[in-house]
Amino acid sequence: MLRWLFMGLLVFSVDCLAEPIPIKVVVVSMFEHGEVTGDRPGEFQFWVERLPLDQSMSFPAGDYELRLNDRGVLGMCTGSGIPNATASIMALGLDDRFDFSKAYWLVAGIAGGDPADMSLGSAAWAKFVIDGDLLFEIDAREIPSDWPYGIVPLGGTKPAKTAADMEGGWTVDTISYALDAELVEWAYGLTRNIKVPVDEKVVEFRAQFSNHEAARQPPKVIIGDTLSASTYWHGHYLNAWANDWVKLHSDQQANFATTNMEDSGTLTALHRLARVGRVDARRVLVLRTASNFSVPPPGQPATWSATAEYPDRGLSALEAAYRVGSPVVEAILSDWDRYQSKLPR
């Protein structure tokens with residue numbers, strides 16, 4: 001009995017003394033269809049198959065196994081929605097198997113795009129991540145006639161467009177996150193000329209947006225900010241709110257380009273982890289690619305557009321997330337001697 005107890009303690013001690021794996025880049029995806037390889041791709045699959053991320057590690061606190069490679073890249077899939085993203089990122093950041101102290105975090109996923117700014121398959125590097133769930137909302141049937149929409153900031157009494165409109169009110173500190181602007185500019189400069197092919201069905205679909213020139217153009221890489229809400233919202237009135245809301249919570253600096261369902265949770269977790277020295281919150285990039293639009297095309301109701309199948313099942317946007325994101329990963333790895341201690345500029 002004593003012999004087995006001694007052996008158990010020895011194994012436990014060796015495991016505890018094992019050096020954590022130093023991670024250079026974490027690629028964060030949010031959803032997958034079925035398996036992480038070999039079937040219909042979600043956000044994780046192209047990274048696993050192409051980078052590749054050929055080593056598997058268990059992750060009991062998450063929805064999917066972790067994937068990594070010998071070059072120091074770790075890939076994860078958080079699960080959809082702000083609660084899943086928050087929990088998964090926190091669990092990973094506190095995992096003692098890894099050293100994230102110098103790691104860069106690339107969030108790469110699909111999103112709804114504002115047709116005023118981008119076309120399907122386009123990619124937007126965000127300088128701001130703004131939460132769209134922390135608010136007051138009035139039932140649409142009871143909105144005062146002089147209100148543009150029924151959404152009111154915490155601490156406010158009516159819809160607001162500037163900080164002065166809610167002066168003296170209360171709020172919380174997890175609504176707005178500003179990313180490192182110079183790091184974002186570097187990533188954009190590195191990828192701005194990347195071309196993303198799109199299916200003919202995408203070309204046909206975007207042609208319907210006769211009232212938006214940007215929506216009818218071939219996809220491109222832009223700088224544009226992202227609104228994060230677990231509620232899958234849709235329509236012209238809410239799109240107007242999104243544009244106002246993003247400006248309101250960025251001191252008029254941000255421009256709404258994409259709508260996602262996770263990123264405020266991801267940023268909240270990363271900033272909490274930074275408080276205890278587990279990560280460097282300056283080393284975060286958010287790339288969102290347009291799989292659908294946040295408003296319907298002319299002649300179609302929002303009720304149809306919100307649930308309609310994406311014209312190419314989102315493949316152009318999934319392709320763009322990998323094609324635009326992977327050169328940034330490669331650039332960090334190729335110049336790691338410099339970027340491990342100094343952010344790209």
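The values are calculated or read from the model by the stated rules, or taken from the named source; none is laboratory data. The shown structure was predicted, so the numbers you read here are calculated from the model rather than taken from an experiment. Here the Cβ positions follow ideal geometry from the backbone for every residue, glycine too, while neighbour counts run over all protein chains shown. Side chains are part of the model used for accessible areas, which takes the heavy atoms of the whole protein and leaves out ligands, DNA and RNA. Shrake-Rupley method; radii C 1.70, N 1.55, O 1.52, S 1.80 Å.
Odds and ends about this structure:
- Screening Ile194 against (1) open to solvent by 10 Å² or more (accessible area, probe 1.4 Å); (2) within 30 Å of Pro301 (Cα to Cα); (3) modelled with pLDDT of 95 or more; (4) of a type in the set (A, V, I, L, M) leaves a single unmet condition, (2).
- Matching option when the condition is under 20 Å from Asp99 (Cβ atoms), out of contact with any Phe, Trp or Tyr (no Cβ under 9 Å at 6 or more places or on another chain) and not aromatic (Phe, Trp, Tyr), among Arg313, Arg272, Arg283: Arg272
- If only residues of the range 88-98 that are over 24 Å from Ser326 (Cα atoms) and either free of Cβ contacts under 8 Å to residues at least 40 places away in the same chain or open to solvent by less than 10 Å² (accessible area, probe 1.4 Å) (or both) are counted, the one that is farthest from the chain's Cα centre (by Cα) is Asp95.
- Of the listed requirements (1) open to solvent by less than 10 Å² (accessible area, probe 1.4 Å); (2) of a type outside the set (Gly, Ala, Ser); (3) out of contact with any His (no Cβ under 9 Å at 6 or more places or on another chain), Asp63 misses just one: (1).
Rundown of residues vs (1) under 25 Å from Asp70 (Cβ atoms); (2) surrounded by 24 or more Cβ atoms within 10 Å (Cβ to Cβ), yes/no style:
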| residue | (1), (2) |
| --- | --- |
| Arg275 | no, no |
| Val284 | yes, yes |
| Leu287 | yes, yes |
| Ala290 | no, yes |
| Pro311 | no, no |
| Ala331 | yes, no |
| Ser334 | yes, no |
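Listed here are the residues, each with its yes/no results for (1) modelled with pLDDT of 50 or more; (2) of a type outside the set (Gly, Ala, Ser); (3) farther than 14 Å from Leu74 by Cα.
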residue: Leu5; (1), (2), (3): no, yes, yes
residue: Asp15; (1), (2), (3): no, yes, yes
residue: Glu19; (1), (2), (3): yes, yes, yes
residue: Lys24; (1), (2), (3): yes, yes, no
residue: Gly38; (1), (2), (3): yes, no, yes
residue: Leu53; (1), (2), (3): yes, yes, no
residue: Met57; (1), (2), (3): yes, yes, no
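- Condition met for Arg71 (assigned to a loop (DSSP other than H, G, I, E, B) and either in contact with a Gly (Cβ under 8 Å, 6 or more places away or on another chain) or under 16 Å from Glu319 (Cβ atoms) (or both)): no
- Residue count, the range 197-217 (criterion: surrounded by 15 or more Cβ atoms within 10 Å (Cβ to Cβ), under 12 Å from Ser316 (Cβ atoms) and not aliphatic (A, V, I, L, M)): 4
- Index of the failed condition, Trp47 passing every other in (1) part of a loop (DSSP other than H, G, I, E, B); (2) within 20 Å of Leu315 (Cβ to Cβ): (1)
- Filter result for Arg40 (more than 15 Å from Thr266 (Cα to Cα), of a type outside the set (Ser, Thr, Tyr) and not in a loop (DSSP other than H, G, I, E, B)): no
- Among the residues making up the range 129-154, those that are under 25 Å from Thr266 (Cβ atoms) and either open to solvent by 40 Å² or more (accessible area, probe 1.4 Å) or not charged (D, E, K, R) (or both) are Val129, Ile130, Gly132, Asp133, Leu134, Leu135, Phe136, Glu137, Ile151, Pro153, Leu154.
Yes/no per residue for (1) under 30 Å from Asn239 (Cα atoms); (2) charged (D, E, K, R):
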| residue | (1), (2) |
| --- | --- |
| Asp54 | no, yes |
| Phe59 | no, no |
| Arg97 | no, yes |
| Ser122 | yes, no |
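- Yes/no for Gly265 being open to solvent by less than 20 Å² (accessible area, probe 1.4 Å), modelled with pLDDT of 95 or more and more than 28 Å from Gly189 (Cβ to Cβ): yes
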